[in-house]
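Only the coordinates and a few stated rules stand behind these numbers; no lab work does. Because the structure is predicted, anything quoted here is derived from the model rather than measured. Positions of Cβ are backbone-derived with ideal geometry, glycine not excepted, and every protein chain shown enters the neighbour counts.
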Amino acid sequence: MKTIVLLVGVAGSGKTTYRHKHYEHYNCISPDQRRMRVLDSENSGKFFDQSIEKDIWKHIYEVLEHNLTTGNDIIFDATNLTFRRRYPIVARARKAGYIINFVYFEVSLHTLAERNETRSKKVPNEVIARQYLSIQPPEYWEYETIERVGRK
């Protein structure tokens, strides 16, 4: 059965690490990876630029459509914090006949701040706090199964 896994969690909650450990064989769609390529992050040291976000997401949805059309198992590695952000992905996957699984990262703000200090690619603390306050936990109608990681 065709499967898509959406990772849901604040920056620094462990999504990408988890993906590498558990879903290496899935096709990965990652806005962060696309941003790093476009911004040449290794050389520029820049990891985010609001001015390119529209193009980043246009490309990401094109890649998603391609993977859904070819029937690949997919892992969508992004914060996916809100229903509004998740809905276009879930709707496309449902239309393509995919099983939709979520992995929801429930990590305390304190732990997120600690982890951020050890990251090579630090996220501003105010961004982490804003994400933490804005996350909308997944609702049962969005997925077939959900795994909760790092419960508070």
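When the chain is treated as a Gaussian network with alpha carbon springs shorter than 10 Å, the biggest mean-square fluctuation among 19, 84, 35 belongs to 84. Under the simplified labelling scheme, the residue 117-residue 27 pair shows an inter-label distance of 4.1 nm, with each label point 7 Å from Cα along Cα→Cβ. A Cα-only calculation for the stretch 3-149 places Rg and Dmax at 15.0, 42 Å.
Near residue 149, the amide H atoms lying under 5 Å from its own belong to 104, 105, 106; only residues 5 or more places off or on other chains count, and H is placed 1.01 Å from N. Normalised by the number of residues in the chain, the mean separation of alpha-carbon contacts (under 8 Å, six or more apart) gives a relative contact order of 38 percent.
Taking every lysine pair in the chain that is 8 or more places apart or spans two chains, those with Cα atoms closer than 21 Å amount to 12. Given a 10 angstrom Cα cut-off, can you work out which residue in 32, 73, 55 is the most mobile in a GNM of the chain? Largest GNM mean-square fluctuation: 55.
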